[in-house]
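Peer 1: Just passing along the structure, written as structure tokens.
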Amino acid sequence: MGDAHGSSAGPVDLLLCDTFTQIPGDGILLSLLLTQKELKIESLSATSSPPHPSFNLTDCVTCHSFKGKDPKDIGGYFTVVFYPLRGMLGSTNHRQRISRTFRTEASRDAEQNMKVARAWTEKIRQLSMEQERPNQAYEVVRDRDLSSWDVIAVMSGDGLLHEVINGLMARQDWADAIKKPLAVLPGGSGNALAASINYYSGHEQVAGKKLLSNCAFILCKGQPLPLDIVSLTTLPEKRIFSFLSVAWGLISDIDIESEKYRFMGYARFSVGTFVRLTALRTYSGRLSFLPASSSAAEMDSGGSPPAGSTVLEDHLLVPLDQPIPSHWHTIEDQFVLVLALYQSHLGAEYFAAPMVKGPGEGCIHLYYATSRISRTSIVKLFMAMEKGTHLDQDIPHLTHLPVLAFRIEPYVSTGIMTVDGEAIQCSPIQGQIHRGLGRVISIAPTSQCKQ
């Protein structure tokens, strides 16, 4: 590898420096310089030549190394692809594909040349991924001027949408910002909200590219519809906003522990389920809830906050360090799973709440299973959930209740707990639904939830 000293990039910023030629090209030697943010190209020719551009790593989408087609070619190659914003004078900037292929023959040893090409490939991949850091979406929507944005379109799994919603709620103008319509295009392994929007819009359950095509159609043809948001508080006092679910026990175990199988795509969840069933865990704790059938259900549970509101009030809840209200219900037991779900799907192929017909119905669907449930019943549950027929099955020790608010109090903090599929500390948590607080692009559902 070349020495960083003497480069215009500076010895502190420069990570890699080597000599390459560009393919296809005129054979002129180029100096490639890689910094934390850019790939820089400098000509080593004594004659004048057009300046070479620098490429921002945030625009990099792929990079791979390879050998030449000729077995006698000892060169090491790598190709890097960027999509920078470009535009002619007076035209709108848009992303255009730029691909560059480089060849090194610094050594007479073919394997050594490939080693150099692979080192560049791995470093460029690493740095381009680091440009999209955790919480970046949260910071963007929290800090940007959104006045010129019509829609916030998110192409990812549910985790990125979780960041966006919490970023909107962290703004000073949160009451207006949370009304900015959201659009979801599935790009993750779970894609629960995308699957839910697909269902609400009248499409059959699909996954993969078919789900992406349907959601792209919905983005073009749909309209902003109310989206339920659940306000959660944890100990120590922390506020989290959720659009999908809170899980404790088996479902969150599968979700987080199957991360190691992410390369399998959606199949990771099936593998994770099998692994966890072989060593089923139980969790001791207290589950409390306010039934949707309660007289308290007649209270306003969401919608638009009063004008000038600085904080979203959770009027159905009391502080976590205080006893629950007397009209709530409480269960103390050994639980296998607890799931609070407010959309129809828990994943692209988990039709967990078929009774939900739209994104803003104002109900939390609470499921829990105690330690008395058998492994056979759990397998039956997950198989039936793929088609949404689990509530028609006889599954002992599984309970479903529509609620407006809930509290989960684990007796130990060693389990896994998730919000919208994202792991959080396992500790007491409570939440209430705020009906239609947000907006999401969908096609109008045919019916509304009856509370």
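Peer 1: Sorting Val206, Val80, Val151 by accessible area (1.4 Å probe), largest first, what list results?
Peer 2: From most accessible down to least: Val151, Val206, Val80.
Peer 1: Still on this structure, please answer the following. Work out, step by step, the length gained on full extension between His329 and Leu219: first 0.36 nm times the residue separation, then minus their alpha carbon distance; give nm to one decimal.
Peer 2: 35.5 nm
Peer 1: Let me ask something else. Heavy atoms only, probe 1.4 Å: what % of the accessible area of the chain goes to carbon and sulfur, would you let me know?
Peer 2: It is 53 percent, rounded to a whole number.
Peer 1: Starting from the amide H of Ile23, placed 1.01 Å from N in the peptide plane, find each other amide H under 5 Å away whose residue is 5 or more places distant or on another chain.
Peer 2: So Ile23 has HN proximity to Thr101, Phe102, Arg103.
Peer 1: Please give me, ordered by residue number, the trypsin sites (Lys or Arg not before Pro) of region 372-418 that lie in loop per DSSP and have at most 16 other Cβ atoms within 10 Å.
Peer 2: Counting only loop positions with at most 16 other Cβ atoms within 10 Å, the trypsin sites (Lys or Arg not before Pro) in region 372-418 are Arg372, Lys387.
Peer 1: Just to be sure I understand, if you calculate P(r) over Cα pairs in 20 Å bins from 0, in percent for this structure, which of [x] 22, 48, 27, 3; [y] 22, 45, 26, 7, 0; [z] 20, 42, 36, 3 do you get?
Peer 2: Among [x] 22, 48, 27, 3; [y] 22, 45, 26, 7, 0; [z] 20, 42, 36, 3, the one calculated here is [y].
Peer 1: Starting from the Cα of Lys380, draw a straight line to each of the aspartates and glutamates and keep only those under 14 Å, dropping any in the same chain fewer than 8 residues away.
Peer 2: The reachable aspartates and glutamates, counting only those whose Cα sits under 14 Å from Lys380, are Asp392, Asp394.
Peer 1: Let me ask something else about it. Taking only protein heavy atoms and a 1.4 Å probe, what accessible area per residue, in Å², does region 87-175 have with all protein chains in place?
Peer 2: Each residue of region 87-175 exposes 60 Å² on average to a 1.4 Å probe.
Peer 1: Still on this model: Which whole-number percent gives the relative contact order of the chain, counting Cα pairs below 8 Å spaced six or more residues apart?
Peer 2: With pairs under 8 Å counted, the relative contact order is 16 percent.
Peer 1: Helix 267-277 sits at what angle to the longest principal axis of the chain, using alpha carbons and giving 0 to 90 degrees rounded to 10?
Peer 2: Approximately 50 degrees, to the nearest ten.
Peer 1: Please compute the modelled spin-label separation between Ser107 and Tyr411, points set 7 Å along Cα→Cβ, answer in nm with one decimal.
Peer 2: Taking the two extended label points, one gets 6.1 nm.
Peer 1: What dipole magnitude, in Debye to the nearest 20, does region 14-73 give about its Cα centre under +1 on Lys/Arg Cβ and -1 on Asp/Glu Cβ?
Peer 2: Approximately 120 debye in magnitude.
Peer 1: Using a simple charge model, +1 on the beta-carbon of Lys and Arg, -1 on the beta-carbon of Asp and Glu, nothing else, what dipole does the chain show about its Cα centre, in debye to the nearest 20?
Peer 2: With only Lys, Arg, Asp and Glu charged at Cβ, the dipole is about 1000 debye.
Peer 1: Angle check, please: helix 208-221 long axis (alpha carbons) against the longest principal axis of the chain (alpha carbons), in degrees 0 to 90, nearest 10.
Peer 2: The helix 208-221 is inclined about 80 degrees to the chain.
Peer 1: Under a point-charge model restricted to the Cβ atoms of Lys and Arg (+1) and Asp and Glu (-1), what is the dipole moment magnitude of region 346-439 relative to its Cα centre, in debye to the nearest 20?
Peer 2: In debye, rounded to 20, region 346-439 gives about 120.
Peer 1: Enter the angle in degrees (range 0 to 90, nearest 10) between the Cα long axis of helix 158-169 and the first principal axis of the Cα atoms of the chain, meaning the one along which they spread out most.
Peer 2: 80 degrees
Peer 1: Which residues' amide hydrogens lie under 5 Å from the amide hydrogen of Gly190, considering only partners 5 or more residues apart or on another chain, with H built in the peptide plane?
Peer 2: Those lying under 5 Å, H to H, from Gly190 are Asp158.
Peer 1: Sticking with this one: For Asn93 and Ser147, FRET efficiency with R0 = 25 Å and r from the beta-carbon atoms, rounded to 0.05?
Peer 2: 0.85
Peer 1: Follow-up question, since we're still on this one. Of Lys180/Lys221; Lys40/Lys123; Lys37/Lys123; Lys40/Lys69, which pairs sit farther than 20 Å apart, going by alpha carbon to alpha carbon?
Peer 2: Listed pairs above 20 Å: Lys40/Lys69.
Peer 1: Here's another thing I want to ask about it. Let me have the 222 nm mean residue ellipticity of the chain computed from DSSP H runs of 4+ only, each contributing -39500 (n - 2.57), with the sum over all residues rounded to the nearest 500.
Peer 2: -6500 deg cm²/dmol
The values are calculated or read from the model by the stated rules, or taken from the named source; none is laboratory data. Computed from a predicted model, the values in this text were never measured in an experiment. All Cβ positions, glycine included, derive from the backbone under ideal geometry; neighbour counts span all protein chains shown. For the accessible areas, the whole protein counts, side chains as well, though only heavy atoms, and no ligand, DNA or RNA atoms are used. Shrake-Rupley method; radii C 1.70, N 1.55, O 1.52, S 1.80 Å.
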